[in-house]
Amino acid sequence: MKIAFIGLGNMGGGMAANLVKAGHDVRAFDLSEAALAAAKDAGCTTFTAASEACADAEAVVSMLPNGAIVKSVYENDVIGTAPAGAVLLDCSTIDVATAREVIASAQGAGYDMVDAPVSGGIAAANGGTLTFMVGGTQEAFARAEVILNAMGKAVIHAGDAGNGQAAKICNNMLLAVQMIGTAEAFSMADKLGLDAQTFYDISSVSSGQCWSMTSYCPVPGVGPQSPSDNDYQGGFASALMLKDLRLAMEAAGTSGANTPLGKHSQEIYEEFAADNGGLDFSAIIKTL
Ligand code: NAD
């Protein structure tokens, strides 16, 4: 299939390469020369404008930084430029309202389109093991699923347009709350004279068990290998967690959801990411 891919950064670069490995003809565009050169090395055909990459495409996949860019790229370079009948997939993490607005514009012009944000970081993008949460009609989902399967290990239909973004920000808000709670528990255990490994052995088989503890422990040397064992390098940057918390709190405001712990988590990551945005989000334990 001829697939245009727009946004070949940390995530998009590996995703486009996996589409090539699956046998697709990938037509890549990014504003960055370095990203384009890497995509070419991975077997993509590169273009100097998004509209040129889309002109002959049967599908368009985007992996861009934010909602304003997604809206501008789709309005200016994709909708009305990609051939009628192409399916459009935006995998970026953006606000629910913009996702719904862009999908409505695409549908108005006759395209099937989904929002399909991902769970999993750069390693999962490179390894083709992302989880996609997808919003859109049943028909659009069925068409998108075939393409997403080449880049991920799980593709889940979350409901109508924008519901992929809704699932993503609800999940990441929960993750932030859970990580801060896990870090607080380990810090207090330490203050009370309880060894971290011993607390892990008890809590990981008790009711406090959670993913932030047993898959991603913020304490070095405890639990499976995680960014804490690498001085909090790699993993999921605090700046990206903050981005998702801001989107979550924006959505809470517009939907009227009551999210006091989400709000407090945003405040905590706002302060932390100001100087430590590149560190993995589990490094929040350093502040306690
Ligand atoms: P990135 O900054 O590495 O990549 C974004 C790319 O988009 C860059 O190469 C940039 O040059 C390009 N770009 C910007 N404006 C463009 C335009 N108008 N036309 C074409 N290309 C343009 O970011 P990333 O880490 O790859 O993240 C991409 C998306 O994935 C974001 O929405 C992010 O929130 C989400 N995400 C990232 C991670 C992660 O671990 N990095 C995990 C899950 C989700």
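I want to check the label-to-label distance for residue 56 and residue 287. Put each point 7 Å from Cα in the C-beta direction and report it in nm to one decimal.
5.1 nm
So if R0 is 45 Å, what FRET efficiency would residue 263 and residue 138 give, r being the distance between their Cβ atoms, rounded to the nearest 0.05? Before the final figure, lay out the partial values.
Values: r = 35 Å, r/R0 = 0.78.
With a Förster radius of 45 Å, E is 0.80.
Which whole-angstrom value gives the distance between the alpha carbon centres of the stretch 239-287 and the stretch 1-51?
Result: 31 Å between the Cα centres.
Where Lys and Arg each count +1 and Asp and Glu each count -1, what net charge lies around residue 10 among other residues with Cβ under 15 Å from its Cβ?
-1
Using the Cβ atoms and a cut-off under 15 Å, what net charge is assigned to the surroundings of residue 246, where Lys and Arg are +1 and Asp and Glu are -1? Before the final figure, lay out the partial values.
Details: positive: 168, 243, 263; negative: 95, 244, 250, 267, 270, 271.
Value of the local net charge: -3.
Whole angstrom only: what separates the Cα centroid of the stretch 176-190 from the Cα centroid of the stretch 82-132?
Cα centroid of the stretch 176-190 versus Cα centroid of the stretch 82-132: 34 Å apart.
Would you mind calculating the relative contact order of the stretch 162-288 from Cα pairs under 8 angstrom and at least 6 residues apart, reporting the percent as a whole number? Show your work: numbers first, answer last.
Values: 156 pairs, mean separation 40.1, N = 127.
Normalised by residue count, the contact order of the stretch 162-288 is 32 percent.
Report the convex hull volume per residue for the chain, counting only C-alpha atoms, in Å³.
Expressed per residue, the convex hull around the Cα atoms of the chain is 130 Å³.
Percent relative contact order of the chain, based on C-alpha pairs within less than 8 angstrom and at least six residues apart?
Relative contact order comes out at 13 percent.
May I ask for the Rg/Rh ratio of the stretch 36-78, computed from Cα atoms with Rh as the Kirkwood radius, given to two decimals?
0.98
Modelled label-to-label distance, residue 45 and residue 160, 7 Å Cα→beta-carbon offset: nm?
If labels sit at residue 45 and residue 160, their model points lie 3.8 nm apart.
How high is the relative contact order of the stretch 122-162? Use alpha-carbon pairs under 8 Å, at least six apart in sequence, and give a whole percent.
52 percent
What are the lysines whose alpha-carbon lies under 17 Å from the alpha-carbon of residue 168, with same-chain residues fewer than 8 places away excluded?
Within reach: 153, 243, 263.
By what distance, in whole Å, do the Cα atoms of the stretch 230-288 stretch along each of the three principal axes, largest value first?
39, 20, 16
For a quick check: sort 101, 52, 267 by the number of other beta carbons within 10 angstrom, fewest at the front.
Fewest to most other Cβ atoms nearby, the residues stand as 267, 52, 101.
Roughly speaking, what % of Cα-Cα pairs in the stretch 146-265 are separated by over 21 Å, rounded to a whole number? Numbers along the way, then the final one.
Working: 3590 of 7140 pairs.
Everything past 21 Å amounts to 50 percent.
Check residue 5: other-chain or 5+ apart residues with amide H under 5 Å from its amide H, H built from backbone geometry?
Hits under the 5 Å cutoff: 27, 28, 29, 61.
Read-outs throughout are calculated quantities, based only on the coordinates presented, and are distinct from any laboratory measurement. Since we're looking at a predicted model, the values are computed, not measured. So basically every Cβ, Gly included, is an ideal-geometry build from the backbone, and we count neighbours across all protein chains shown.
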